[in-house]
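Single-structure report; data block below.
The values are calculated or read from the model by the stated rules, or taken from the named source; none is laboratory data. This one's a predicted model, so the numbers in the text were calculated from it and none came from an experiment. Surface accessibility is based on the protein's heavy atoms, side chains included, excluding ligands, DNA and RNA. Shrake-Rupley method; radii C 1.70, N 1.55, O 1.52, S 1.80 Å.
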Amino acid sequence: MKRIVLIISFLCGFLMSAQIPQGVSYQAIALNPQGYPVGNTLIGVRLSILENSITGNTIYTETHTTTTNDRGLYNLVIGQGTPVSGSFPLIDWGTNTKFLKVELDVLGGTNYILSGTTQLWSVPYALYSEKANSVDAQNVEGRLSNSSTAGFMTNNKAYYLANALNNNNWIEQPLEGQPIDIVSCSFSLGVLTSTHAYVATIDNNQVDTATWFPIQLSGTPIKLSTSDGTIAVLTSTHAYVFTFTADSNNNITYNWFSHPISGTPRDIYGYGRSIFCIVTDTNAYAFGSTISNSSPEITVDWYTTPINGSIKEIRYNSNVFTIYTETHAHAFVPNYTLGGNLSFEWKSVQMSGNYIDSSK
């Protein structure tokens, strides 16, 4: 699974206006020369569109400067960078095959090093294939697509297609229970029924193949949520998160991670870096990844704190999630150690005086 980083980098989709693509939504992980993700770093990116082959003529080039997140992930829109040569609006996407060439400078400059070159498939232009359109509309419960995937569910099956996976073929999943909701994020598709949750994404054992990961739920389903490419489910008794971990050899594994909850569920909140917080009337539960700067290993964990007092309000941004009661404030915060290691923890404080309002 070491090549998973390259697959993520090449899952591009077209942002469309009428029939003319105005940009390409692009997501990738920046790696240093040792193969480790470059987290929280300003990087330089040079993107080129080539024609006919990976060594073909360059018809458009642009540069970007952007900042990676904790996992080295960065997002760009091709066509909205600083042009170097060619014109993005004048590219004729209907003739000849197109390839994307990616070059990086992980130090934030312009000393670019080749990261990879891959074909841009025509799949993003179509929301659904002929097979999808043949489904009886009476049975369709939900449809959606994003820059990398397309998917829908009927009353008894879910269908998923991802750019560059499974030879661009649809894969099916029989559904148990009554369909409730469907979501997509990054290159994953999530489906919730009255008894199960399903996620379609890259197979653990095949980097160019997608598969379905089902899980039987405990409790009554309440909500299907997404955050930064990760999918989660809240029921009346449990919280579930589908994400990946990595061992010390950079082998990546996708799986479901569940945790029982107590009290009456209030809501599930997804925000930056694939973090989820679940709030009940008595407790708060958070899910996050632990990342080491000296190793490619990524682990995940659940963090729990009791809630003291009645909840007044909840605020969160891309870094901090805070619950305010009339007597306490409980904040879930990232913990950066010397060397750039990342973990998380709850920090609580008892208030003095009467609560008025939280800081914005």
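Annotations
- Residue-wise HN-Hα couplings along the range 235-241, as the Karplus relation 6.51 cos²θ - 1.76 cosθ + 1.60 with θ = phi - 60° gives them from phi, are 10, 5, 10, 9, 10, 10, 10 Hz; Gly and Pro carry x.
- You can think of it this way: the chain between HIS259 and ASN156 has 34.3 nm of extra reach, that is 0.36 nm per residue less the Cα-Cα gap.
- Of the solvent-accessible surface of the range 48-111, computed with a 1.4 Å probe and all protein chains present, 49% belongs to carbon and sulfur.
- Were the residues from LYS347 through ASN167 laid out at 0.36 nm apart, the gain over their Cα-Cα distance would be 60.0 nm.
- Solvent-accessible area per residue in the range 223-337 equals 37 Å², computed with a 1.4 angstrom probe and all protein chains kept.
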